[in-house]
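What follows is a short report on a single structure.
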């Protein structure tokens, strides 16, 4: 294993556990046990580590080790409620386990295209998180798809945040401005539709994998 990969491994665990501890502290001392915000704080914080992943690691074989580890850690936390800041009261929702699965798959399959690796995780990192916040706080116009209670406000936030974060990620990793905009817009529309119809936390799998696949084909 290369020295850069060892550095990447150490940085990954330090960063993710720091995000988890910050989420725990926020939940305990600021939000007094409420996880409505802390789950999204952890969600965004961990998702953003994809930038550190492509910047630090030299090989995908080393880069997948942290997300594979957190599949196990997150499942244990899900069963035993260890990291309360990221857990949902809905025990049918395994979203915290599905997200590192998607993270690992995207790294393994798309490593040759760092723009795709980073941008592919943005609809779940920013889009889904802000959709939940906006929909929960300001969602007044509801609709149901496959028995899910969604809001147009939340879906609009998903679309806007996905588009903006993907366009920035693509441009930052060398995709031409015009291409970054139309690719991000098309992918954001499809990601929003996928999120609207995917049940039981499986959107943490379906949205990033579908996004990365579309980006791989277009970039």
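None of the figures in this text is laboratory data; all of them are computed from the coordinates on show. This structure is a prediction, so every number in the text was calculated from the model and none was measured. Don't worry about glycine lacking a Cβ; one is built from the backbone with ideal geometry, like all the others, and counts go over all protein chains shown.
Remarks
- Taking region 124-143 and a reference point 7 angstrom along Cα→Cβ of residue 152, the backbone N atoms nearer than 14 Å belong to 139-143.
- Fewest-first ranking of 41, 103, using other Cβ atoms within 10 Å as the exposure measure: 41, 103
- For the listed peptides 151-158, 207-214, a ranking on the average number of other beta carbons within 10 Å per residue, highest first, reads 207-214, 151-158.
- Entry for volume of the Cα convex hull per residue in Å³ (calculated from the structure that is shown) out of (1) 155; (2) 109; (3) 125: (2)
- From most to least packed by mean Cβ count within 10 Å, the peptides 187-196, 91-100 give 187-196, 91-100.
- Full extension of the chain segment joining residue 14 with residue 193 gains 61.0 nm, where the gain is 0.36 nm per residue of separation less the Cα-Cα distance.
- For residue 29 and residue 217, the difference between the fully extended length at 0.36 nm per residue and the C-alpha to C-alpha distance is 63.1 nm.
- A Förster radius of 35 Å combined with the Cβ-Cβ distance from residue 137 to residue 1 puts the calculated FRET efficiency at roughly 0.20.
- Look at 141, 32 and count the other Cβ atoms within 10 Å of each Cβ; fewest to most, that gives 32, 141.
- Taking 124, 21, 166 in turn, the Gaussian network model of the chain (Cα-Cα springs below 10 Å) assigns the largest fluctuation to 21.
- Computed [θ] at 222 nm, helices only, for the chain once each DSSP H run of length n ≥ 4 contributes -39500 (n - 2.57): -22500 deg cm²/dmol
- At full extension, residue 51 and residue 75 could sit 6.2 nm farther apart than now, given 0.36 nm per residue minus the alpha carbon distance.
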